[in-house]
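Here is the structure we will look at, set down as structure tokens.
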Amino acid sequence: VIYAVLIIMLMAVLLAAVIDLAWVLFTSMIDITPWLLETHEMISVLGAFLLVLIGVELLDTIKAYFSENAIHVEIVVLLAIIAIARKVILLDPTGMTGTDYGIELTGTGVVVVGLAAGYYLIKKAGIATIEREQVRQERE
């Protein structure tokens, strides 16, 4: 019951996020320069788009758990990669000192490398598992 309620609430949040994305895109298109997006407007639209994408992936993860009673680690890591990509795109250095900006970029870089390595290992383990299963079936 809790998962069903979570799915319904997440769908409501996603609907609101899609409406917000449409509103941000519409206002950005008619705001300062009609039918052309300024850099800050483009970043705002991309941020809203990636937020909707994160929500959709999270909904997919919850639905997969609801139907299979298994968490797909690969989907969760991809969700984290999308989230950190959103962070990188929306990173605004204004209002930061050079040291703060450097620390922020270093931390973000460490997270990106860690997630990429984790994703690589997950994919490699999946391939190795499939290969071992095929070898085991051939022996039988």
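The values are calculated or read from the model by the stated rules, or taken from the named source; none is laboratory data. Just so it is clear, the model here is predicted, and its values are computed rather than measured. All Cβ positions, even for glycine, are placed from backbone atoms using ideal geometry, and neighbour counts span all protein chains on display. Only protein heavy atoms, including side chains, enter the accessible area calculation; ligands, DNA and RNA are left aside. Shrake-Rupley method; radii C 1.70, N 1.55, O 1.52, S 1.80 Å.
Per-structure values
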| item | result |
| --- | --- |
| Solvent-accessible area per residue for the stretch 1-123 (1.4 angstrom probe, square angstrom) | 66 |
| Whole-Hz couplings from phi, Karplus 6.51/-1.76/1.60, listed for the stretch 79-91; x for Gly and Pro | 4, 5, 5, 5, 5, 6, 5, 4, 4, 5, 5, 8, 4 |
| Ranked packing of 64-72, 52-60, most packed first, by mean Cβ within 10 Å | 52-60, 64-72 |
| Mean residue ellipticity (222 nm) of the chain, computed from DSSP H runs ≥ 4 via -39,500 (n - 2.57), nearest 500 | -30500 deg cm²/dmol |
| Sulfur and carbon atoms: percent of accessible area, the chain [1.4 Å] | 71 |
| Rounded tilt (10° steps) of 98-139 against the dominant C-alpha axis of the chain | 30 |
| Among [x] 1.10; [y] 0.99; [z] 0.97, the entry derived from the coordinates for Rg/Rh (Cα atoms, Kirkwood Rh) | [x] |
| Gain upon complete extension [MET11, VAL112; 0.36 nm per residue less C-alpha separation] | 33.5 nm |
